[in-house]
Amino acid sequence: MTGKYTRRQLLVLILGAALVLAAVLAFFLRSGGTAEPVGKDYVAVVRIDGTIYGGAETGGLLAQQQGTASERIMRELRAARLDPHAKAVLLRINSPGGSAAAAQEIAEEVDKVKSGGKPVVVSMGDLCASAGYWIACRGDYLFASPASMTGSIGVYIDYNNIEELMNKLGVYNEKIKSGAHKDILSMWRPMTESERALLQQMVDDIYSQFIRVVSDGRRMDEEKVRALADGRVFTGRQALDAGLIDALGNYYDALNYAASRAGFADGDVPTKTAGAAHPLAGLLASEADGFGRRMADAAMDRIASESGSPVVR
């Protein structure tokens, strides 16, 4: 016994208090993201930073997936579309690209915002390439700095073959598989000609989809897009000459243009960054989960050592 509590009860109390504190702090940190009062018209700012990947944001301090999750951006675009006080969307993109499927589902939400009568203006940062440009070209009006890097219209699948190295080391890999192509892209063996043809068809199909997206978004002939879509990267100034963007300008130029399209008067533009939160919020939420699991494990181990009973997890 320790005072009026057993060690087991103290462990449970500490665990509960830690989880409650983490939850309360996360709530207050997340609730601090809106810069404008409720009920005031604004331009919604949605930010895409880093590699674009599909799914939800996951990971903690030591195991965090870097980049932008498609589900978060879709959620933020949907919130802006449904909020009557959000009069326009400024999409700020600083990304080298990423998943074609993730870009595709984000682009669909951009189209829904536009179909709802709200302009979507794009501001490019250092990079807005590949999947980033896939999303950007769905906007109504595109800004880039003269030295921004954009374009890179193309698709690839990478593949490594380490068979010869493993043979020298005396390491061999065998698979029992249900079909000839089940281990396609295996690094343990050369790719067959039939597998190469299958993968090339996939790449060509996604590439054709990319071409159509750019052609529709930029109102350009497909053949003209194909002439530009060999994977090359353009500076902002080159992209303007090629018709891939609409104007040269920085974030505030894009913001002011979005405000003018939405009917705001000249001057300071009220903005709200969709889903904004204190920088510690996401970290705290994920770390609280991991901390809770570690505390629970430690508590169970301590209880087991005291009682001599087996613990099943």
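The values are calculated or read from the model by the stated rules, or taken from the named source; none is laboratory data. Because the structure is predicted, anything quoted here is derived from the model rather than measured. All Cβ positions, even for glycine, are placed from backbone atoms using ideal geometry, and neighbour counts span all protein chains on display.
Looking only at helices (runs of 4 or more DSSP H) that fall completely inside region 135-229, which ones have 2 or more residues that are among the β-branched types (Val, Ile, Thr)?
Because the criterion is at least 2 residues that are among the β-branched types (Val, Ile, Thr), the helices (runs of 4 or more DSSP H) in region 135-229 that meet it are 193-218.
Could you list all residues from region 230-255 that are assigned to a helix (DSSP H, G or I) and under 15 Å from Thr150 (Cα atoms)?
If the condition is that a residue be assigned to a helix (DSSP H, G or I) and under 15 Å from Thr150 (Cα atoms), then Gly236, Arg237, Gln238, Ala239, Leu240, Asp241, Ala242 are the ones that fit.
Give region 75-86 a look and list any residue that's in a helix (DSSP H, G or I) and surrounded by 18 or more Cβ atoms within 10 Å (Cβ to Cβ), or say none.
Answer for region 75-86, where residues must be in a helix (DSSP H, G or I) and surrounded by 18 or more Cβ atoms within 10 Å (Cβ to Cβ): Glu76, Leu77, Ala80, Arg81.
Among (1) closer than 20 Å to Tyr156 by Cα; (2) at pLDDT 95 or above, there is one condition Ser123 misses while meeting the rest; what is its number?
(1)
I need the full set of residues from region 106-134 which are assigned to a loop (DSSP other than H, G, I, E, B) and crowded, with 16+ Cβ neighbours inside 10 Å, in order please.
Correct list: Lys118, Pro119, Ser130.
Do we have any residue at all in region 194-212 that's surrounded by 21 or more Cβ atoms within 10 Å (Cβ to Cβ) and not hydroxyl-bearing (Ser, Thr, Tyr)?
yes
Could you please give the count of residues in region 87-105 that are surrounded by 24 or more Cβ atoms within 10 Å (Cβ to Cβ) and under 10 Å from Ala136 (Cα atoms)?
Of the residues in region 87-105, 3 are surrounded by 24 or more Cβ atoms within 10 Å (Cβ to Cβ) and under 10 Å from Ala136 (Cα atoms).
Listed here are the residues, each with its yes/no results for (1) touching a helix residue (DSSP H, G or I) at 6+ places or on another chain (Cβ under 6 Å); (2) over 30 Å from Phe264 (Cβ atoms); (3) at pLDDT 90 or above.
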| site | (1), (2), (3) |
| --- | --- |
| Ala26 | yes, yes, no |
| Ala44 | yes, no, yes |
| Ala56 | yes, yes, no |
| Leu62 | no, yes, no |
| Gln66 | no, yes, no |
| Ala79 | no, no, yes |
| Asp83 | no, no, yes |
